[in-house]
Number of protein chains: 6
Amino acid sequence: MPAPTPKRADGRGATELRPFSVDWDPMSFALSSLIVRTGRTAVLCSVSLEEDVPRWRRGNGCGWLSAEYRLLPGSTPQRQSRELMKLSGRTQEIQRLIGRSLRAVLDMDALGERTLLIDCDVIQADAGTRTASITGAWIALRRACDLLRSQGVLTQDPIRQQLAAVSVGLIDGTPLLDLDYSEDSRADVDLNVVTAGDGRLLELQGTAEQAPFSRSELDAMLNLAESGLQELMQGQRHALATAAGSAIS
Amino acid sequence: MPAPTPKRADGRGATELRPFSVDWDPMSFALSSLIVRTGRTAVLCSVSLEEDVPRWRRGNGCGWLSAEYRLLPGSTPQRQSRELMKLSGRTQEIQRLIGRSLRAVLDMDALGERTLLIDCDVIQADAGTRTASITGAWIALRRACDLLRSQGVLTQDPIRQQLAAVSVGLIDGTPLLDLDYSEDSRADVDLNVVTAGDGRLLELQGTAEQAPFSRSELDAMLNLAESGLQELMQGQRHALATAAGSAIS
Amino acid sequence: MPAPTPKRADGRGATELRPFSVDWDPMSFALSSLIVRTGRTAVLCSVSLEEDVPRWRRGNGCGWLSAEYRLLPGSTPQRQSRELMKLSGRTQEIQRLIGRSLRAVLDMDALGERTLLIDCDVIQADAGTRTASITGAWIALRRACDLLRSQGVLTQDPIRQQLAAVSVGLIDGTPLLDLDYSEDSRADVDLNVVTAGDGRLLELQGTAEQAPFSRSELDAMLNLAESGLQELMQGQRHALATAAGSAIS
Amino acid sequence: MPAPTPKRADGRGATELRPFSVDWDPMSFALSSLIVRTGRTAVLCSVSLEEDVPRWRRGNGCGWLSAEYRLLPGSTPQRQSRELMKLSGRTQEIQRLIGRSLRAVLDMDALGERTLLIDCDVIQADAGTRTASITGAWIALRRACDLLRSQGVLTQDPIRQQLAAVSVGLIDGTPLLDLDYSEDSRADVDLNVVTAGDGRLLELQGTAEQAPFSRSELDAMLNLAESGLQELMQGQRHALATAAGSAIS
Amino acid sequence: MPAPTPKRADGRGATELRPFSVDWDPMSFALSSLIVRTGRTAVLCSVSLEEDVPRWRRGNGCGWLSAEYRLLPGSTPQRQSRELMKLSGRTQEIQRLIGRSLRAVLDMDALGERTLLIDCDVIQADAGTRTASITGAWIALRRACDLLRSQGVLTQDPIRQQLAAVSVGLIDGTPLLDLDYSEDSRADVDLNVVTAGDGRLLELQGTAEQAPFSRSELDAMLNLAESGLQELMQGQRHALATAAGSAIS
Amino acid sequence: MPAPTPKRADGRGATELRPFSVDWDPMSFALSSLIVRTGRTAVLCSVSLEEDVPRWRRGNGCGWLSAEYRLLPGSTPQRQSRELMKLSGRTQEIQRLIGRSLRAVLDMDALGERTLLIDCDVIQADAGTRTASITGAWIALRRACDLLRSQGVLTQDPIRQQLAAVSVGLIDGTPLLDLDYSEDSRADVDLNVVTAGDGRLLELQGTAEQAPFSRSELDAMLNLAESGLQELMQGQRHALATAAGSAIS
């Protein structure tokens, strides 16, 4: 699995993540918000609370979480038209993935009949926006739940586990971690991996963009993802630590 | 991977597929059509040809393939409302998966500036409709390309490989092949696998519905999928053999 | 009214129907379903039950019936695009006609506050799809009501009369029964007739496609329709007889 | 066919039309416009010209005509919501009927590659709006074509025949001509008849609202329609005579 | 501010309004209706009552008023397409302006939990349609409230003040009152002014179409608007006087 | 105009602006981008270039500019739903105002057949988002045009004048500059003013939210706006100076 001659455009090795960072509170009126960055990819994540659940969930005391994802028009060199009338299949797929991933670590009973709404608006799109959205949204969600508990809105912690996501690609037979756009656009395979804090898998989406892939190539890619995800989870904890002092006490 | 005590509702073992069959030509005006059945799941697949490609593909001599998927209203015990105004995220995800899978084995140059349109209308939905759609659509596509070559529309065969899809689930720690609805609705993990004729992977979509899954559970599920897919590919070849005599000579 | 030299493409006489048949239960999860065929025209009809009525019908103990009609994409040599965002005028007209015709023979009090939903999805369109839909839907409806009574859901029979529909055309001054597409596309007049079991009229829709028509031409066409409808009603009763033994006892 | 005891709300006999009149030129910027009134029903009809045809008609030198129909919000005691996003089935059916009827008397070659656009906006709805729309639209169309010929835009007259429409109903076994709303809402049968100037039929739409109708009842209704239509055609010619002096000379 | 050499196309002086008139009751089924005319601009205004308020207004005993505005297709020499799917920005802006202006003089408590619905359908568009709509809608509203009080539906008068609107333009440095289309299309500045009966301002919308404008030019335009609005308010009172005898006594 | 007792929530005097600042380049893939802040209101403005103009502008060598405006979901304490299917009247009004204002200072000939697309996405909404959008968008546009000239895309400067916008309100008879949300929600009058660099007016939109306003109150508000706009224009020039060194040389 190690890439003999990495030669990635930005000088990274095959197993290296792009630089990861979080800027807190760009939207001071939201319950919690942050800009998550992995390399040049940047996503604005915010969390809102609604004291209600969708109609079909009402009456059993359980909560819900839903997510929306958009590319802002200026997020790419060629302007993205806003989606009106209908969402593209890509947008729907991504926001369903984000919502499903976060719900998988949420205790709906502890939340009560409330809905947590996650918004991921991409500011800079240099590939990996869906995984950055998931990784960042979990941090914002963790922060939002801490605030809600400190305010007495929630009495129990509804988050059961940490969660992060990363992409791995296969280029000319070499697995590369955390592709940027120049790599993503020529990858043979694109694999997105979401895991829980204990390392087990929550979502796995692999697509042969140019060529089929073997079981052993899949294994190599999953190994790469695993190490990257551990590092990202450290980054998540670090980001939360830097926020902890400010608003909750 | 072997399930010690199968006890599946229909008496199958953990590694057994549901009965697979194909009825040819339910839509005699389409280029090719069939009803594919796996157990009680039944999907009407048809192929149409258009002597044009989407605007963004024009001018380079290459073809295209796109797919649409719908649940017909009577396909489930509780009637499915038709999707108007916008497609659900689920529908979009599935038709994108079908299209992407089939394009992965298609030689767009050999097709020329033409579009093959695949329609998958589910008649009976007992789980596994997306994998049955892919498996059936490939048969219909294979048949359509044979017809187009026998008519002289195509001079080269645009299909590079065989292709089939199957689902595997994890229930109480046991991997089960080809879930029906009663199993699917209580599975911890749902994994859809699409492979090419050489056994390599084209699409992999795994979701932790109830609980995260480990790498070794993933491996067990992939092993199960592999054996099921070989059997399905035999079924595909058998179906084509039964059709071959009738219209092409 | 008899055509001196029939010379219809398929050898039929001017007063002959196309072969009529019914295949039962293509959608085993629906309340009742069938494929009705007249010549090469084939329509998939299914019936679903909903234990509610539209908002504006609630509270008076009466039921409702509504119908939907679609051409499936592969039902014609040139693929039919699915209707999204809005239904065409043609589709709306046809599904309103189907619903209105069936409601005319339904006892809404005997149904109670329930809705019967009729779906007519055309599989092969060789003209006469709206009349085949009505004729087939009545059979499926008759069967559905028998099942609901055998299950004790309904205590009274909500169907007051038999009902069938047929088209008649005028070509070069000659009235022809049950046009196929090659005839329909060059007919001067197109007349659709829906009658009750006692022979009286429920719906009459005549359009001068190429030339106006006289009262005596109308009479000739109605005579032709009358004899055709009696034959179709025999076909309906025969179809029900073949189904009767299987599921209700 | 005469009703022994007329007793209609407005004192009319069974075979009498409501008072018919035309007000010219309410929309002075349109090519031609008028308000047609039959009793309390009033429809604003206008005609516009477009020097183009729909894409699918282009290149063969023939013209086209299309029609739009709306109930204005204040046209009924209970305000009509405007139709946004989608037109109701009723609206689509009516505007298709208006367009089809007028096209049936139009010589598309004489028109050339132009489109005549008919707009029928109902100002007062007291039943019979679709037939009043057709009858009024023909007058406006006749006037528009006279103007286009006087301006040299058209060299031949594209109108081949006069055309009018009327409704007949069956109430308690008695056929009544030209129903108003109080009658229409309790009629057993509603029949709309469109004829050409020579008395032959162009469109016939009969619906059993409450009870099926026999062939002899149909005949009685058609006789009533015939006499009413002759009177309406006189009214049309009279209206044109009053307009003739003003703008064309 | 006076224009030395008026030379307006219709011979008016710079400070003169176009002829103003009202035709009562074109829609006899509406609560109140009129056609308001200023020069060749004509708008059909109608008022309907609904015994309910929008959901967000419910429960506090207060009423609401909303307005809709449309250009009818035949209102301009080049036919206006009807707005389906979405309203243009211009239409939305205008109907919001009409609604906001009328609500500003309405006592919502006196109205009770009812909604007054204003419809303004332009029949002839020769500029100034939004101001004519507001001026005419107030007359129709005044009449509707008189009727509702005479019927005992309302016990208090919900209208607090008179209200009218006019446009002023700046052409080649000269302010001109009440522009027609030929003037409007070459004006440097377009200013719409809505005032209450006491002369104070309710809405002011000025746009530099071709060139910025100075504070002193604004003053000159506002002076012109003020005198025009007093004259329009006289016209409104005169119109109401001619209607008063007919229906309320 | 001086407010005797300022007592504004944030301690400002009646004639003081909120703190104004600009953060450059939050979207590094856009042609130019910035976050403009006035107090707690923050708007993300970006500019994109398209080498084409809308269809109706083609062929005369002139350019175009269009603007889009949105409230991001997390921009307010109560989450804003994204607008799908149709834009609200408020959103349309604001984006039309932004586009019209910027086009008023743009030389379309100097731009050539290109479109500048302005996106204003509100991150924090504390009132004044439309004026902040205009003021910020002009800075981003100025920067974008400098870049296009330095790259040789444009040979002439298409911007003719500086431009800024501000709001003024009237609360209890006192005019206050640059309202925040707590003030805006109880203002009697809301006035938005857009001026060019020479102080002349481009857009003026005044609305009596609670009470009509007099000509002298209008004058007082305009005086306040004038001084605020001069200060904002200094702020714009200062922001451009801080950006100037970085990318253009």
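Brief remarks follow.
- Taking label points 7 Å from Cα along the Cα-to-Cβ direction, residue F:107 and residue C:80 give a separation of 5.9 nm.
- Inter-copy label distances for residue F:242: 2.0, 6.4, 7.5, 7.5, 8.3 nm (label point placed 7 Å from Cα along Cα→Cβ; shortest first).
- Projected label distance in nm at residue A:156 and residue E:90, using a 7 Å step from Cα toward the beta-carbon: 6.0
- Once D binds E, the 1.4 Å probe can no longer reach about 2700 Å² of accessible area, counting both sides.
- Fraction of C-alpha pairs exceeding 27 angstrom in chain D: 35 percent, rounded to a whole number.
- Interface residues of the stretch A:73-91, defined as those losing at least 50 Å² of solvent-accessible heavy-atom surface relative to the isolated chain (probe radius 1.4 Å), are listed as A:74, A:79, A:82, A:84, A:85.
- Restricting the GluC sites (Glu not before Pro) of the stretch D:1-84 to loop positions (DSSP other than H, G, I, E, B) with no more than 13 neighbouring Cβ atoms within 10 Å leaves D:51.
- Residue of C:98, C:139, C:159 that the Gaussian network model of chain C assigns the largest fluctuation, springs spanning Cα pairs under 10 Å: C:159
- Taking Cβ atoms as reference points and 14 Å as the exclusive limit, the residues near residue D:16 contribute a net charge of -1, counting Lys and Arg as +1 and Asp and Glu as -1.
- Order by protection proxy (mean Cβ within 10 Å, highest first), peptides A:117-123, C:163-169: C:163-169, A:117-123
- Once both labels are positioned 7 Å from their Cα atoms along Cα-to-Cβ, the gap between residue E:57 and residue E:186 label points is 4.4 nm.
- Rounded to whole numbers, the Karplus 3J(HN,Hα) couplings from phi for the stretch C:42-53 are 9, 10, 8, 10, 9, 10, 10, 10, 10, 7, 6, 10 Hz, using 6.51 cos²θ - 1.76 cosθ + 1.60 with θ = phi - 60°, and x at Gly and Pro.
- Residues whose amide H comes within less than 5 Å of that of residue E:41, counting only those at least five positions distant or on another chain, are E:126 (H built at 1.01 Å from N in the peptide plane).
- Net +/- balance of residues flanking residue B:173 in space, Cβ distance below 9 Å, scoring K and R +1, D and E -1: -3
- Estimated FRET transfer efficiency (residue D:227, residue E:28; beta-carbon r; R0 25 Å; 0.05): 0.30
- For chain E, the residue among E:60, E:76, E:33 whose Cα projects farthest onto the positive side of the dipole built from Cβ charges is E:60.
- Whole-percent carbon and sulfur share, accessible surface of the protein assembly as shown, 1.4 Å: 46
- Among E:108, E:85, E:221, residue whose mean-square fluctuation peaks in a GNM of chain E (springs only between Cα atoms under 10 Å): E:85
- Shielding of C:121-127 by partner chains, average beta-carbon count, 10 Å: 4
- Shortest-first distances to equivalent copies, position residue B:173, nm, label 7 Å out along Cβ: 4.1, 8.2, 8.2, 8.8, 9.5
- Dipole check for the stretch B:139-249: with +1 at the C-beta of Lys and Arg, -1 at the C-beta of Asp and Glu, and the Cα centre as origin, the magnitude is about 760 Debye.
- Copy-to-copy label separations for residue F:219, where each label sits 7 Å from Cα toward Cβ, in nm and ascending: 0.6, 8.8, 8.8, 8.8, 8.9
- Heavy atoms of the protein chains alone define the surface here; on that basis chain C has 38 Å² accessible area per residue at 1.4 Å probe size.
- Charged neighbours of residue C:188, selected by a Cβ distance under 13 Å, balance to -4 (K, R count +1; D, E count -1).
- Cα-based Lys proximity count in the protein assembly as shown, under 26 Å, for pairs eight or more positions apart or on separate chains: 15
- Taking every residue in F:42-50 and counting other chain Cβ atoms within 10 Å of its Cβ, the average works out to 3.
- For chain D, hydrophobic long helices are taken as DSSP H runs at least 20 Å long by C-alpha position along their axis with mean Kyte-Doolittle hydropathy of 0.0 or more; these are D:129-150.
- Of all chain C residues, the closest to the C-onto-E rotation axis by Cβ, with that distance in whole Å, is C:85, 4.
The values are calculated or read from the model by the stated rules, or taken from the named source; none is laboratory data. Note that the structure is predicted; figures quoted are calculated from it, not measured. Cβ atoms come from the backbone with ideal geometry, glycine included; neighbour counts cover every protein chain shown. For accessibility, only protein heavy atoms count, side chains too; no ligands or nucleic acids. Shrake-Rupley method; radii C 1.70, N 1.55, O 1.52, S 1.80 Å.
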